[in-house]
Amino acid sequence: MVSEERWSAIVEEHLVNGETNVLVLYYSVQGNTASMAHQVARGVDELAAASAMVRTVPRVRVVIDTPEPAVPADGPPYVDLEDLRQCHALVLGSPTRFGNMAAPLKHFLDSTNAEWASGALAGKPAGVFTSTASLHGGQETTLLSMMLPLLHHGMLITGIPYTAPELLTTRSGGTPYGASHLAGQHGERTLDADEAALCRALGRRVASVALALRGSAAI
């Protein structure tokens, strides 16, 4: 098990010039996954040489009678494929839909054939996070299903190690596969202290691995 201190040492050993860009990409309906994304971004930004870029995806409809605007009315911008190509790491977040990621995020990932063919994401670290209405409402299956397309892209999946003490104290969300949140039946439950800490731990973890890999001769 690699300690947080060891990861910090790795980052110091391999620190390179230039900021490491971590794309935090999410879809949210009631705002809980968005709150998680901002905590993940906080964790990324805690490392001096790393910077989080928060992006979202538009809704999808069977019949597009009212197209989404090119720029959302509020919140972060919509993601662009160039964001994927330029990032050094990716953290992906979605509410669960029957134990899987939500359709808008899957729709975007399905559009990344060119990036898959070119290996644009290969060798880059990635992490995942999710929010569910019930404690056993598919958190782990959603996290695992989100990993699958990232593995096809050749990304290096990083979870949350048990050196994060909140994994042992949480009474709500939080898994070694990625950060998670118990939102409640109507999305009324906000992030508690352990859930927020684990989101930040995931952001730090992915950013630390990205920094180490950028400073390594072999990825």
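The values are calculated or read from the model by the stated rules, or taken from the named source; none is laboratory data. This is a predicted model, so every value here is computed, not measured. Heads up, the Cβs are rebuilt from the backbone with ideal geometry, glycines too, and the neighbour counts pull from every protein chain shown.
Side notes on the structure shown:
- Counted residues, region 17-40 - those being in contact with a Cys (Cβ under 9 Å, 6 or more places away or on another chain) and either part of a helix (DSSP H, G or I) or of a type in the set (D, E, K, R) (or both): 6
- The C-beta contact set for region 16-39 (first residue within 16 Å of LEU198 (Cβ to Cβ), second residue among the aromatic types (Phe, Trp, Tyr) and surrounded by 23 or more Cβ atoms within 10 Å (Cβ to Cβ), distance under 8 angstrom, 6+ apart or interchain) comprises TYR26/PHE129; THR33/TYR26; THR33/TYR27; THR33/PHE129; MET36/TYR26; MET36/PHE129; ALA37/TYR26; ALA37/PHE129.
- Residue among ALA120, ALA89, ALA49, ALA73 that alone is modelled with pLDDT under 95 and touching a Leu at 6+ places or on another chain (Cβ under 8 Å): ALA49
- Test: residue in region 192-210 that is at pLDDT 95 or above, hydrophobic (A, V, I, L, M, F, W, C), in a loop (DSSP other than H, G, I, E, B) and closer than 22 Å to ASN32 by Cα: no
- Count of region 75-107 residues which are part of a helix (DSSP H, G or I) and among the hydrophobic types (A, V, I, L, M, F, W, C): 4
- Within region 108-117, considering residues that are touching a helix residue (DSSP H, G or I) at 6+ places or on another chain (Cβ under 8 Å) and part of a helix (DSSP H, G or I), the one surrounded by the fewest Cβ atoms within 10 Å (Cβ to Cβ): ALA114
- Checking ARG214 against (1) surrounded by fewer than 24 Cβ atoms within 10 Å (Cβ to Cβ); (2) of a type outside the set (Gly, Ala, Ser); (3) in contact (Cβ under 8 Å) with a residue 24 or more places away in the chain; (4) under 21 Å from TYR162 (Cβ atoms), the condition it does not meet: (4)
- Test: residue in region 148-163 that is within 18 Å of LEU25 (Cβ to Cβ), of a type in the set (Val, Ile, Thr), crowded, with 20+ Cβ neighbours inside 10 Å and touching a His at 6+ places or on another chain (Cβ under 9 Å): no
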